[in-house]
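To start, the structure itself, in C-alpha coordinates.
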Amino acid sequence: AQTVTQSQPEMSVQEAETVTLSCTYDTSESDYYLFWYKQPPSRQMILVIRQEAYKQQNATENRFSVNFQKAAKSFSLKISDSQLGDAAMYFCAYTSGGSNYKLTFGKGTLLTVNP
Amino acid sequence: DTGVSQDPRHKITKRGQNVTFRCDPISEHNRLYWYRQTLGQGPEFLTYFQNEAQLEKSRLLSDRFSAERPKGSFSTLEIQRTEQGDSAMYLCASRLDGSYEQYFGPGTRLTVT
(Lines give C-alpha, C1' and ligand atoms only; values in the text may rest on other atoms or scores of the structure.)
Protein backbone atom coordinates (compact mmCIF):
# COMPACT_ATOMS: atom_id res chain seq x y z
CA ALA A 1 0.00 0.00 0.00
CA GLN A 2 1.11 3.50 -0.74
CA THR A 3 2.02 5.77 2.17
CA VAL A 4 2.73 9.48 2.37
CA THR A 5 4.74 10.95 5.23
CA GLN A 6 5.01 14.58 6.23
CA SER A 7 7.52 14.83 9.03
CA GLN A 8 6.92 18.48 9.92
CA PRO A 9 3.66 18.95 11.84
CA GLU A 10 4.23 22.72 11.98
CA MET A 11 6.40 25.25 10.21
CA SER A 12 6.66 29.01 10.40
CA VAL A 13 8.11 31.59 8.04
CA GLN A 14 8.50 35.33 7.99
CA GLU A 15 6.56 37.23 5.40
CA ALA A 16 8.55 37.57 2.14
CA GLU A 17 10.90 34.73 3.12
CA THR A 18 11.15 31.25 1.64
CA VAL A 19 10.02 28.02 3.30
CA THR A 20 10.28 24.38 2.28
CA LEU A 21 7.80 21.70 3.33
CA SER A 22 8.93 18.08 3.22
CA CYS A 23 7.14 14.99 1.98
CA THR A 24 8.24 11.42 1.38
CA TYR A 25 6.20 8.60 -0.05
CA ASP A 26 6.41 4.90 -0.58
CA THR A 27 5.16 3.07 -3.64
CA SER A 28 6.04 0.16 -5.85
CA GLU A 29 4.43 1.72 -8.90
CA SER A 30 6.35 3.51 -11.61
CA ASP A 31 3.57 5.71 -12.95
CA TYR A 32 1.98 8.01 -10.42
CA TYR A 33 1.21 11.62 -9.59
CA LEU A 34 2.00 13.80 -6.61
CA PHE A 35 0.23 16.88 -5.35
CA TRP A 36 0.38 19.58 -2.76
CA TYR A 37 -2.99 20.77 -1.49
CA LYS A 38 -3.63 23.83 0.67
CA GLN A 39 -6.44 23.89 3.24
CA PRO A 40 -6.95 27.27 4.92
CA PRO A 41 -8.81 27.25 8.24
CA SER A 42 -12.47 26.34 7.70
CA ARG A 43 -12.05 26.56 3.95
CA GLN A 44 -11.90 24.01 1.23
CA MET A 45 -8.97 22.06 -0.14
CA ILE A 46 -7.23 23.81 -3.00
CA LEU A 47 -4.75 22.21 -5.40
CA VAL A 48 -1.47 24.12 -5.27
CA ILE A 49 0.80 22.16 -7.57
CA ARG A 50 1.05 18.79 -9.30
CA GLN A 51 3.90 16.61 -10.51
CA GLU A 52 3.79 13.67 -12.90
CA ALA A 53 6.29 11.01 -11.93
CA TYR A 54 7.39 10.47 -15.54
CA LYS A 55 8.49 14.09 -15.82
CA GLN A 56 12.01 14.86 -14.68
CA GLN A 57 11.44 18.60 -14.65
CA ASN A 58 10.22 19.98 -11.36
CA ALA A 59 6.82 21.65 -11.48
CA THR A 60 6.48 25.37 -10.83
CA GLU A 61 3.38 27.50 -10.27
CA ASN A 62 4.23 31.15 -9.64
CA ARG A 63 5.74 31.32 -6.13
CA PHE A 64 5.33 27.59 -5.57
CA SER A 65 7.80 25.00 -6.79
CA VAL A 66 8.64 21.41 -5.99
CA ASN A 67 11.81 19.39 -5.65
CA PHE A 68 10.91 15.95 -6.93
CA GLN A 69 13.51 13.27 -6.22
CA LYS A 70 12.05 10.09 -7.67
CA ALA A 71 14.79 7.72 -6.54
CA ALA A 72 14.62 9.04 -3.01
CA LYS A 73 10.80 9.17 -3.14
CA SER A 74 10.87 12.72 -1.93
CA PHE A 75 8.56 15.56 -2.96
CA SER A 76 9.13 18.87 -1.18
CA LEU A 77 7.28 22.14 -1.69
CA LYS A 78 9.07 25.48 -1.75
CA ILE A 79 7.11 28.65 -1.19
CA SER A 80 8.99 31.79 -2.18
CA ASP A 81 8.15 35.34 -1.10
CA SER A 82 5.72 34.00 1.52
CA GLN A 83 2.52 35.96 1.97
CA LEU A 84 0.08 36.11 4.88
CA GLY A 85 -2.48 34.38 2.70
CA ASP A 86 -0.20 31.35 2.43
CA ALA A 87 -0.96 30.44 6.04
CA ALA A 88 -2.79 27.13 5.96
CA MET A 89 -2.50 23.39 6.41
CA TYR A 90 -0.58 21.88 3.52
CA PHE A 91 -1.12 18.27 2.50
CA CYS A 92 1.07 16.16 0.29
CA ALA A 93 -0.89 13.57 -1.70
CA TYR A 94 -0.25 10.64 -4.03
CA THR A 95 -2.33 8.94 -6.64
CA SER A 96 -2.01 6.46 -9.47
CA GLY A 97 -4.15 4.89 -12.12
CA GLY A 98 -3.74 1.53 -10.43
CA SER A 99 -5.72 2.83 -7.46
CA ASN A 100 -8.61 4.44 -9.39
CA TYR A 101 -6.81 7.74 -8.85
CA LYS A 102 -7.95 7.90 -5.25
CA LEU A 103 -5.74 10.18 -3.19
CA THR A 104 -3.53 9.09 -0.31
CA PHE A 105 -2.69 12.05 1.91
CA GLY A 106 -0.02 12.79 4.47
CA LYS A 107 -0.98 14.12 7.87
CA GLY A 108 -0.28 17.69 6.87
CA THR A 109 1.99 20.55 7.83
CA LEU A 110 0.54 23.65 9.45
CA LEU A 111 2.24 26.71 8.00
CA THR A 112 2.22 29.97 9.93
CA VAL A 113 3.33 33.18 8.21
CA ASN A 114 4.57 35.88 10.55
CA PRO A 115 4.25 39.53 9.52
CA ASP B 1 -18.30 25.87 -13.71
CA THR B 2 -19.65 26.38 -10.22
CA GLY B 3 -17.33 23.93 -8.51
CA VAL B 4 -18.14 21.02 -6.24
CA SER B 5 -20.86 21.80 -3.72
CA GLN B 6 -21.84 19.97 -0.56
CA ASP B 7 -24.87 20.23 1.65
CA PRO B 8 -25.20 20.77 4.52
CA ARG B 9 -21.97 22.50 5.51
CA HIS B 10 -22.47 21.65 9.17
CA LYS B 11 -24.54 18.99 10.87
CA ILE B 12 -24.96 18.37 14.57
CA THR B 13 -26.75 15.19 15.50
CA LYS B 14 -27.30 13.02 18.51
CA ARG B 15 -25.75 9.61 18.78
CA GLY B 16 -27.93 6.98 17.22
CA GLN B 17 -29.56 9.26 14.66
CA ASN B 18 -29.22 8.86 10.90
CA VAL B 19 -27.70 11.59 8.75
CA THR B 20 -27.42 12.11 5.01
CA PHE B 21 -25.04 14.36 3.13
CA ARG B 22 -25.22 15.47 -0.47
CA CYS B 23 -22.49 16.21 -2.98
CA ASP B 24 -22.97 17.89 -6.37
CA PRO B 25 -19.85 17.45 -8.50
CA ILE B 26 -18.71 19.68 -11.30
CA SER B 27 -21.27 19.06 -14.02
CA GLU B 28 -19.16 17.23 -16.61
CA HIS B 29 -17.19 15.19 -14.04
CA ASN B 30 -18.23 11.55 -14.06
CA ARG B 31 -15.84 10.38 -11.33
CA LEU B 32 -16.72 11.12 -7.72
CA TYR B 33 -14.93 10.42 -4.44
CA TRP B 34 -15.83 10.66 -0.76
CA TYR B 35 -13.18 11.21 1.92
CA ARG B 36 -13.27 11.59 5.68
CA GLN B 37 -11.00 13.96 7.56
CA THR B 38 -10.67 13.86 11.33
CA LEU B 39 -9.09 16.64 13.34
CA GLY B 40 -5.38 16.97 12.73
CA GLN B 41 -5.29 14.32 10.02
CA GLY B 42 -5.24 14.22 6.28
CA PRO B 43 -8.34 13.08 4.41
CA GLU B 44 -8.86 9.33 4.09
CA PHE B 45 -10.56 7.69 1.14
CA LEU B 46 -14.04 6.25 1.71
CA THR B 47 -15.55 5.38 -1.65
CA TYR B 48 -15.42 6.02 -5.40
CA PHE B 49 -18.01 6.22 -8.18
CA GLN B 50 -17.72 6.10 -11.91
CA ASN B 51 -21.02 7.48 -13.11
CA GLU B 52 -23.62 5.64 -11.03
CA ALA B 53 -21.45 2.63 -10.32
CA GLN B 54 -19.74 2.38 -6.94
CA LEU B 55 -16.42 0.84 -7.91
CA GLU B 56 -14.46 0.89 -4.68
CA LYS B 57 -15.16 1.05 -0.96
CA SER B 58 -12.62 1.50 1.82
CA ARG B 59 -12.55 -0.71 4.87
CA LEU B 60 -13.34 2.52 6.74
CA LEU B 61 -16.83 2.35 5.25
CA SER B 62 -18.59 0.21 7.81
CA ASP B 63 -22.02 -1.35 7.33
CA ARG B 64 -23.55 1.78 8.85
CA PHE B 65 -22.35 3.83 5.89
CA SER B 66 -23.95 3.78 2.48
CA ALA B 67 -23.26 5.91 -0.56
CA GLU B 68 -25.23 6.29 -3.75
CA ARG B 69 -25.05 8.14 -7.00
CA PRO B 70 -28.37 7.17 -8.58
CA LYS B 71 -28.22 9.05 -11.87
CA GLY B 72 -24.52 9.55 -12.15
CA SER B 73 -24.81 13.18 -11.09
CA PHE B 74 -25.13 14.06 -7.40
CA SER B 75 -24.15 11.63 -4.67
CA THR B 76 -25.40 11.01 -1.15
CA LEU B 77 -23.58 9.58 1.84
CA GLU B 78 -25.74 8.22 4.64
CA ILE B 79 -24.58 7.25 8.09
CA GLN B 80 -27.00 5.18 10.14
CA ARG B 81 -26.97 4.98 13.94
CA THR B 82 -24.28 7.61 14.25
CA GLU B 83 -21.53 7.23 16.82
CA GLN B 84 -19.27 9.83 18.36
CA GLY B 85 -16.40 8.44 16.36
CA ASP B 86 -18.18 9.47 13.19
CA SER B 87 -17.53 13.12 14.02
CA ALA B 88 -15.38 14.39 11.18
CA MET B 89 -15.31 16.48 8.03
CA TYR B 90 -16.75 14.58 5.07
CA LEU B 91 -15.24 15.74 1.80
CA CYS B 92 -16.43 15.11 -1.72
CA ALA B 93 -14.26 15.45 -4.80
CA SER B 94 -14.80 14.96 -8.51
CA ARG B 95 -12.69 14.60 -11.60
CA LEU B 96 -13.11 14.47 -15.32
CA ASP B 97 -12.73 11.18 -17.16
CA GLY B 98 -9.19 11.01 -18.52
CA SER B 99 -7.82 13.44 -15.94
CA TYR B 100 -6.15 12.57 -12.65
CA GLU B 101 -6.86 15.85 -10.84
CA GLN B 102 -9.58 15.98 -8.24
CA TYR B 103 -11.48 19.09 -7.21
CA PHE B 104 -12.83 19.26 -3.70
CA GLY B 105 -16.02 20.61 -2.24
CA PRO B 106 -16.13 22.62 0.99
CA GLY B 107 -17.01 19.58 3.06
CA THR B 108 -19.71 18.72 5.58
CA ARG B 109 -18.61 18.93 9.19
CA LEU B 110 -20.45 16.35 11.28
CA THR B 111 -20.59 16.57 15.05
CA VAL B 112 -22.16 13.67 16.93
CA THR B 113 -23.11 14.52 20.50
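Between B:G42, B:G16, which is small (G, A, S), out of contact with any His (no Cβ under 7 Å at 6 or more places or on another chain) and within 26 Å of A:F91 (Cα to Cα)?
Every option except B:G42 fails the conditions.
Tally time: how many residues in region A:43-53 are assigned to a loop (DSSP other than H, G, I, E, B) and within 10 Å of chain B (Cβ to nearest Cβ)?
3
What pairs come out if I take residues in region B:26-39 that are touching a residue at least 60 places away in the same chain (Cβ under 8 Å) and pair them with residues that are crowded, with 18+ Cβ neighbours inside 10 Å and among the basic types (K, R) whose C-beta lies under 7 Å away, six or more apart or interchain?
From residues that are touching a residue at least 60 places away in the same chain (Cβ under 8 Å), the pairs are B:H29/B:R95; B:R31/B:R95; B:L32/B:R69; B:Y33/A:K102.
For residues that are outside any loop (DSSP other than H, G, I, E, B) and within 16 Å of A:Q44 (Cα to Cα), tally how many sit in region B:1-21.
Qualifying residue count, region B:1-21: 4.
When residues of region A:13-42 are filtered for being more than 14 Å from chain B (Cβ to nearest Cβ), at pLDDT 95 or above and not in a strand (DSSP E or B), how many remain?
5
Considering only region B:41-80, give the strands (runs of 3 or more DSSP E) lying wholly within it that have at least 1 residues that are more than 14 Å from chain A (Cβ to nearest Cβ).
Passing ranges, in order: B:65-68, B:75-79.
Per-residue answers, yes or no, for (1) out of contact with any Pro (no Cβ under 9 Å at 6 or more places or on another chain); (2) of a type outside the set (A, V, I, L, M); (3) open to solvent by 60 Å² or more (accessible area, probe 1.4 Å):
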| site | (1), (2), (3) |
| --- | --- |
| B:N18 | yes, yes, yes |
| B:P25 | yes, yes, no |
| B:Y35 | no, yes, no |
| B:E56 | yes, yes, no |
| B:D63 | yes, yes, yes |
| B:T82 | yes, yes, no |
| B:A93 | no, no, no |
| B:E101 | yes, yes, no |
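Which ones in region B:81-113 are of a type in the set (K, R), farther than 26 Å from A:Y33 by Cβ and either within 14 Å of another protein chain (Cβ to nearest Cβ) or in contact with a strand residue (DSSP E or B) (Cβ under 8 Å, 6 or more places away or on another chain) (or both)?
B:R109
Name the pairs whose Cβ atoms lie under 6 Å apart, with the first residue in region A:64-78 and touching a residue at least 60 places away in the same chain (Cβ under 8 Å), the second open to solvent by 30 Å² or more (accessible area, probe 1.4 Å), and 6 or more positions between them or separate chains?
Partner pairs satisfying both residue conditions: A:K78/A:T20.
Looking only at region A:67-107, count how many residues are more than 14 Å from every other protein chain (Cβ to nearest Cβ) and open to solvent by 10 Å² or more (accessible area, probe 1.4 Å).
Total satisfying the criteria: 16.
The values are calculated or read from the model by the stated rules, or taken from the named source; none is laboratory data. Source: prediction; values computed, not measured. No Cβ is skipped: glycine too gets one built from the backbone with ideal geometry, and neighbour counts run over all protein chains shown. These area figures cover heavy atoms from the full protein model, side chains too; ligands, DNA and RNA do not enter into them. Shrake-Rupley method; radii C 1.70, N 1.55, O 1.52, S 1.80 Å.
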